[in-house]
Amino acid sequence: MTVKACTKCHRIMNEDRCTMCDLPSSTNWSGLLIIIDPEKSAIAKELNITLPGEYALRVR
Amino acid sequence: MEDSDNLIYAIRTLVGQEKNVAQMIARNVKNSGIEVNSILVPETLRGYILVESSSKLDMQNPALKVPNIRGAVEGMITFEEIKTFLKPEPILASIQKGSIVELISGPFKGEKAKVVRIDESREEVVLELIEAAVPIPVTVKGDQIRIIQKEAD
């Protein structure tokens, strides 16, 4: 099972297509960002992330 | 606003275990009630993870008792300092025409090559192997090379 990341929203998933963006996900990603509380996190605000979860920093 | 309340701590981990540690902390934090807002694992920073919290992190908290942690770094990091990790510059930005690079994966792994052309839109570079008797152009992805010498002599 390869972990993939959506090329648009950078969300990390196992599916071949991002369920939210409906775009193919990529196995070529690096860097990990776990957002637990998007309301309070300054990092989430900077990257315009509104949903908690795991994100990649760079996706190709 | 709230941004000033957010403190960023660096936690030392075993090299190679950064992602596992981050995922374990994330799982523990949800049930323990300590205020961790996000965890950042920059790929360029080996052996460390950055934890964003609105209160002071207590390393004695059972939620932070995770294997492979090697302790916390004293002091805090400002948000400005971690901005560079959030928006990584494209790999090809540091590579110029004429640079000497080493291939780090693929059939020519370990070979040194000279950059002939850069295709920024596709993140590809055209290389010419230095040690080859006949110069053959090889096209590789930007993440398959490591820069050795920035400019040509």
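The values are calculated or read from the model by the stated rules, or taken from the named source; none is laboratory data. The model shown is predicted, which means the values in this text are computed figures rather than measured ones. Here the Cβ positions follow ideal geometry from the backbone for every residue, glycine too, while neighbour counts run over all protein chains shown. Quick note on the areas: whole protein, heavy atoms, side chains included, nothing else; ligands and nucleic acids left out. Shrake-Rupley method; radii C 1.70, N 1.55, O 1.52, S 1.80 Å.
Odds and ends about this structure:
- Selection within region A:28-47 - within 19 Å of A:Met13 (Cβ to Cβ) and not in a strand (DSSP E or B): A:Asn28, A:Ile36, A:Pro38, A:Ala44, A:Leu47
- Test: residue in region B:86-97 that is of a type in the set (A, V, I, L, M) and not in a helix (DSSP H, G or I): yes
- Residue match in region A:39-59 (condition: more than 10 Å from every other protein chain (Cβ to nearest Cβ), open to solvent by less than 50 Å² (accessible area, probe 1.4 Å) and touching a Ser or Thr at 6+ places or on another chain (Cβ under 7 Å)): yes
- Some residue of region B:84-95 being among the charged types (D, E, K, R) and surrounded by 12 or more Cβ atoms within 10 Å (Cβ to Cβ): no
- Candidates B:Val73, B:Val21, filtered to the one that is in contact (Cβ under 8 Å) with a residue 12 or more places away in the chain and open to solvent by less than 50 Å² (accessible area, probe 1.4 Å): B:Val21
- Lone qualifier among B:Ile39, B:Ile34 - being farther than 19 Å from A:Leu57 by Cα, without any contact (Cβ under 8 Å) to a residue 40 or more places away in the chain and touching a strand residue (DSSP E or B) at 6+ places or on another chain (Cβ under 8 Å): B:Ile34
- Those residues of region B:36-51 which are under 15 Å from A:Tyr55 (Cα atoms) and in a strand (DSSP E or B), in sequence order: B:Asn37, B:Ser38, B:Ile39, B:Leu40, B:Val41, B:Ile49, B:Leu50, B:Val51
- Any hit, region B:61-70, residues being in a helix (DSSP H, G or I), modelled with pLDDT under 80, of a type in the set (Gly, Ala, Ser) and farther than 14 Å from B:Ile11 by Cα: no
- Subset of region B:91-117 (residues that are within 14 Å of B:Thr44 (Cβ to Cβ) and either within 12 Å of chain A (Cβ to nearest Cβ) or of a type in the set (Phe, Trp, Tyr) (or both)): B:Ile91
- Residue ID - farthest from the chain's Cα centre (by Cα), chosen from residues in region A:11-31 that are among the aliphatic types (A, V, I, L, M) and surrounded by fewer than 18 Cβ atoms within 10 Å (Cβ to Cβ): A:Leu23
- Single unsatisfied condition, B:Glu123 versus (1) within 14 Å of chain A (Cβ to nearest Cβ); (2) surrounded by 13 or more Cβ atoms within 10 Å (Cβ to Cβ); (3) at negative phi; (4) acidic (Asp, Glu): (3)
- Of the criteria (1) within 14 Å of chain B (Cβ to nearest Cβ); (2) among the basic types (Lys, Arg); (3) surrounded by fewer than 16 Cβ atoms within 10 Å (Cβ to Cβ), which one A:Lys8 fails: (1)
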